[in-house]
Amino acid sequence: MLINAARYNCTESIFGEEIQQLGLPKEHAAAMCSVLQKRSGSIRQKLIDKAFRINELQCVRNVTSSGETPANCATLELKISQELVEGLPKDTTHIVNLERSQMIALLEELKVCRDVMDKYENKN
C-alpha cells in the first residue's frame, strides 16, 4: 500500500482515509501516514532506480567448444536479470550460436550505438 501511495503521489490525508475505509484502525492508519510522509521520496527513488531493470543484460560469456559449436561460429552465454517470462521477472540464461559474419556486423552496430550514446552524454 505504501509503495502504491508513493508511486501515485497520494497525500497522507487521502491515504489515511482510504486505509481506514479498508478497516485499518485509526492509530495504525496514522502510523502508516507518518511512514508515507517520511519515506515517500525514498520509495519513489527506489522505484525509479528499479524501473529500467527489466531484461538487463548482466553477463556475456564465450562458451565455444570445438566439439559442440558449429564451424565458423561462436557460442555465447547471455545472462539476463529480471527477464519477463510469462509476465513475471526471472533471472535467465540463454545460449546462442552466432556466425562470424553476424558477430562482426553486431560489433559494428554496437560501436555506432556507443558513439550515439557518447554524443548524448557529452551534450549534458
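Brief remarks on what is shown
- Cβ-Cβ distances below 7 Å connect the following pairs, each with a first residue in the stretch 28-49 that is among the polar types (S, T, N, Q), a second residue that is open to solvent by 40 Å² or more (accessible area, probe 1.4 Å), and a separation of six or more residues or different chains: Gln37/Glu12.
- Residues that are open to solvent by 80 Å² or more (accessible area, probe 1.4 Å) and within 30 Å of Ile80 (Cα to Cα) were ranked within the stretch 5-43; the one that is nearest to the chain's Cα centre (by Cα) is Arg7.
Okay, residues lined up against (1) free of Cβ contacts under 8 Å to residues at least 24 places away in the same chain; (2) at negative phi:
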| position | (1), (2) |
| --- | --- |
| Asn72 | no, no |
| Thr75 | yes, yes |
| Lys79 | yes, yes |
| Leu84 | no, yes |
| Pro89 | no, yes |
| Thr92 | yes, yes |
| Val96 | yes, yes |
| Asp118 | yes, yes |
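- Residues that are surrounded by 10 or more Cβ atoms within 10 Å (Cβ to Cβ), in a loop (DSSP other than H, G, I, E, B) and not basic (Lys, Arg), drawn from the stretch 46-67: Ile54, Asn55, Val63, Thr64
- Search result, residues across the stretch 34-62 that are charged (D, E, K, R) and more than 30 Å from Gly16 (Cβ to Cβ): Arg53, Glu56, Arg61
- Residue among Ala51, Ala74 that alone is over 30 Å from Arg7 (Cα atoms) and either at pLDDT 90 or above or under 26 Å from the mean Cα position of the chain (by Cα) (or both): Ala74
- Scanning the stretch 78-98 for residues being in contact with a Lys or Arg (Cβ under 6 Å, 6 or more places away or on another chain) and exposed (fewer than 15 other Cβ atoms within 10 Å of the Cβ) gives a total of 1.
- Looking only at residues in the stretch 68-77 that are surrounded by 11 or more Cβ atoms within 10 Å (Cβ to Cβ) and not polar (S, T, N, Q), the one that is farthest from Asn55 (Cα to Cα) is Cys73.
- Of residues in the stretch 76-122 being polar (S, T, N, Q) and in a strand (DSSP E or B), the one farthest from Ser66 (Cα to Cα): Gln82
The values are calculated or read from the model by the stated rules, or taken from the named source; none is laboratory data. These figures come from a predicted structure and were not determined experimentally. Reconstructed Cβ throughout: ideal geometry from the backbone, glycine too, with neighbour counts over all protein chains shown. SASA here: full protein model, heavy atoms, side chains in, ligands and nucleic acids out. Shrake-Rupley method; radii C 1.70, N 1.55, O 1.52, S 1.80 Å.
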